[in-house]
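Working notes, structure below.
The values are calculated or read from the model by the stated rules, or taken from the named source; none is laboratory data. Keep in mind that this is a model prediction, so the values were computed, not measured. Neighbour counts run over all protein chains shown; Cβ positions are idealised from the backbone, glycine included. Only protein heavy atoms, including side chains, enter the accessible area calculation; ligands, DNA and RNA are left aside. Shrake-Rupley method; radii C 1.70, N 1.55, O 1.52, S 1.80 Å.
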Amino acid sequence: MTALVVSGLTAIPLRPELDLLNRLAGVDSPLAGVFPSMAEWISRVNHSVQNGYGTYPLLAYGTDWLAFGHVAIAVAFIGPLRDPVKNIWVLEFGMIACLLVIPWAVIFGIVRGIPVFWTLIDISFGLFGVIPLWLAHRETLRLASEITQKVM
């Protein structure tokens, strides 16, 4: 839940965040000599956002809604905290969503011309996100089994 909320909220101040990232890891940073393609990509994204949002601030409205979506999905996970067995479907939904990140990132990475290394970073969110959900799902199944044993 926390990761979803934090991830979502970081989409709101995108311009200052990208400006900072560009200074730390863009083409004029020490990273440029170590991983030039990453540095070039960061500077390109920063330039695009700074100019796009500067000229058309309504574009930021899209990332505002992205943030809202993350927060709204995080609220759904209150259900498994309150009653894990009854709300196991939320964990299953989360695992499915994490796995869907993989084809989504690959397909739209290709369509939008996103570098492979960045697509792999996007994919990692799904792969790492599924781990705590799978662990919670496993424990919820164990809890459901214990409840069933007590009833019998």
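Considering only residues of segment 31-41 that are without any contact (Cβ under 8 Å) to a residue 24 or more places away in the chain and in a helix (DSSP H, G or I), which is nearest to Phe125 (Cα to Cα)?
Ala39
Of the residues Ile131, Ile123, Ile102, which is surrounded by fewer than 14 Cβ atoms within 10 Å (Cβ to Cβ) and either modelled with pLDDT of 95 or more or in a helix (DSSP H, G or I) (or both)?
The unique qualifying residue is Ile131.
Scan segment 57-75 for residues that are open to solvent by 50 Å² or more (accessible area, probe 1.4 Å) and closer than 21 Å to Ile114 by Cβ and jot them down.
Leu59, Trp65, Leu66
Can you run down the residue pairs with Cβ atoms below 7 Å, 6 or more apart or on separate chains, where the first is in segment 1-30 and farther than 30 Å from Phe93 by Cβ and the partner is exposed (fewer than 15 other Cβ atoms within 10 Å of the Cβ) and modelled with pLDDT of 95 or more?
Within 7 Å, the pairs are Val27/Glu40; Ser29/Arg23.
Take segment 6-30 and flag every residue that is part of a helix (DSSP H, G or I), open to solvent by 50 Å² or more (accessible area, probe 1.4 Å) and of a type in the set (A, V, I, L, M, F, W, C).
The answer is Val6, Leu9, Leu20, Leu21, Leu24.
Only one of Arg44, Arg82 is surrounded by fewer than 16 Cβ atoms within 10 Å (Cβ to Cβ), closer than 25 Å to Cys98 by Cα and either at pLDDT 95 or above or small (Gly, Ala, Ser) (or both). Can you tell me which?
Residue meeting the stated conditions: Arg82.
So which residues in segment 126-152 are within 18 Å of Lys86 (Cβ to Cβ) and under 29 Å from the mean Cα position of the chain (by Cα), if there are any at all?
Leu133, Ala136, His137, Arg138, Glu139, Thr140, Leu141, Arg142, Leu143
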